[in-house]
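Colleague: Just passing along the structure, written as structure tokens.
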Amino acid sequence: MAPSPHSLLCFSSSLPSILFSPLNNNNKAKRSLHFSSSSRCRCRCSVLSSIPSPSVLEIVGGGGGGGGIKKPSPAENSRTIMELSSSGTLSTPPSSPDDAPSALGAQFVADADGSPALCLPRSLPASPRATFHVQLEQCRSRTSHCTLMGTLNKPDDEMLLKKLNARWKKKFGEEIHKDLVYLISVERVLHMEDFNEEGIWVPSSEYSNAEPDPLRNFAEKIVDEMNSGHADDVRRLCNIFVDSGFQVTDTKMIWVDRLGFDLYIYSEKGVFAARIPFPREVTDEKGVKSSFNSMSHLAWEVEKNYTVPEFEKVKCLKKIR
């Protein structure tokens, strides 16, 4: 029987230990990641039912087992891309049949609802219609990107201009040129997880109501740390939590967000993408490190046959190449 579309793979645990400390049972050494925490735990797993808000959570079927996988929605991912990126490509249609469409690179900041504010040359095409394409490279392996469609407008609200100026100064270290500022009123967004992936259209209301991922400002640092300093743990997490059905030759973490992390799994059959959820939603750096610690403890114990896995493995894999 196919799993419920709202089944989420969940875990219950307390904070993990950070030290190589002996267990009381037969002096077994419990291994953990080198992250800061203070208590010791044993994790248990279960499949729970949950119906999340569709604007902030997407449920992907488990592909025949392992429950559904929780991941941020395309709207939330697009908001994250816009917060982390600083430049994009603005395209405008020709103003007459004899003109050619124009495209130019532009720096930008996103306002509170994700609308991009750009500094543009004075000589702009007459048409206010525009698309703005922004992309974000993740771990030098995947390029998530979004294209915003809407109209260019000159903001005249002084309070809005002050807020945009503060965001511009924080990102670029200089004042914004008010006479050159244009704001794109977003009508819809096309989100793509990577090149050659199928795009998903996001309505403007869903995009503006979504929040960028709370881990965005340190996600790349954590991913680099996991791949460079804890490669064995990344491979172990893959082996224990993912049912690939083939011999894995290597594993690489691609990105991390509040709900889980993405892996690329390498084998003789090709490269596959897998999504592993966190025990619970995390909102800060301490929380994500604690989650990695608890999951690594459990993976190590299962690998050593110190405990029996009581969870369904992730079986939803997508071939990348």
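Colleague: Can you pull out every residue in region 54-86 that is outside any strand (DSSP E or B), in contact with a Gly (Cβ under 7 Å, 6 or more places away or on another chain) and modelled with pLDDT under 95? Lay out the reasoning, then the answer.
Modeller: In the first step, residues of region 54-86 are kept if they are outside any strand (DSSP E or B); the result is 54-56, 61-67, 73-86.
The next check asks that each one be in contact with a Gly (Cβ under 7 Å, 6 or more places away or on another chain); those that pass are 61-62, 79, 82.
Selection gives 61, 62.
Colleague: Does any residue of region 213-225 turn out to be closer than 30 Å to residue 301 by Cβ, touching a residue at least 24 places away in the same chain (Cβ under 8 Å), part of a helix (DSSP H, G or I) and in contact with a helix residue (DSSP H, G or I) (Cβ under 7 Å, 6 or more places away or on another chain)?
Modeller: Yes, region 213-225 has at least one match.
Colleague: Among all residue pairs at least 6 apart or on different chains, which show Cβ distances below 7 Å where the first residue, located in region 301-320, is within 23 Å of residue 246 (Cβ to Cβ) and at pLDDT 90 or above and the second is hydroxyl-bearing (Ser, Thr, Tyr) and in a loop (DSSP other than H, G, I, E, B)?
Modeller: Qualifying pairs under 7 Å: 317/244.
Colleague: May I pose another question? Tally time: how many residues in region 135-155 are farther than 16 Å from residue 187 by Cα and modelled with pLDDT of 95 or more?
Modeller: Going through region 135-155, the residues farther than 16 Å from residue 187 by Cα turn out to be 135-145, 154-155.
Add one more test, that the residue is modelled with pLDDT of 95 or more, and what stays is 135-138, 142-145.
So the answer is 8.
Colleague: Shifting gears a bit: Looking only at region 249-282, which residues are aliphatic (A, V, I, L, M) and surrounded by fewer than 17 Cβ atoms within 10 Å (Cβ to Cβ)? Can you show your working first?
Modeller: Residues of region 249-282 aliphatic (A, V, I, L, M): 253-254, 256, 259, 263, 265, 271, 273-274, 276, 282.
Across region 249-282, the qualifying residue is only 271.
Colleague: Turning to a different aspect of this structure: Just to be sure, is residue 205 of a type in the set (Ser, Thr, Tyr), loosely packed, with under 15 Cβ neighbours inside 10 Å, out of contact with any Pro (no Cβ under 7 Å at 6 or more places or on another chain) and over 24 Å from residue 82 (Cβ atoms)?
Modeller: On the way: of a type in the set (Ser, Thr, Tyr): yes; loosely packed, with under 15 Cβ neighbours inside 10 Å: yes; out of contact with any Pro (no Cβ under 7 Å at 6 or more places or on another chain): yes; over 24 Å from residue 82 (Cβ atoms): no.
The answer is no for residue 205.
Colleague: In contact with a Phe, Trp or Tyr (Cβ under 9 Å, 6 or more places away or on another chain), under 26 Å from residue 110 (Cβ atoms) and in contact (Cβ under 8 Å) with a residue 24 or more places away in the chain: is that true of residue 285 in this structure? Give the steps one after another, and end with the answer.
Modeller: Details: in contact with a Phe, Trp or Tyr (Cβ under 9 Å, 6 or more places away or on another chain): yes; under 26 Å from residue 110 (Cβ atoms): yes; in contact (Cβ under 8 Å) with a residue 24 or more places away in the chain: yes.
So residue 285 passes the test.
Colleague: Can you tell me which residue in region 258-282 is farthest from residue 212 (Cα to Cα), limited to those that are out of contact with any Lys or Arg (no Cβ under 6 Å at 6 or more places or on another chain) and of a type in the set (Ser, Thr, Tyr)?
Modeller: 267
The values are calculated or read from the model by the stated rules, or taken from the named source; none is laboratory data. None of these values were measured; they are calculated from a predicted model. Note that we place each Cβ from the backbone using ideal geometry, even for glycine, and neighbour counts take in every protein chain shown.
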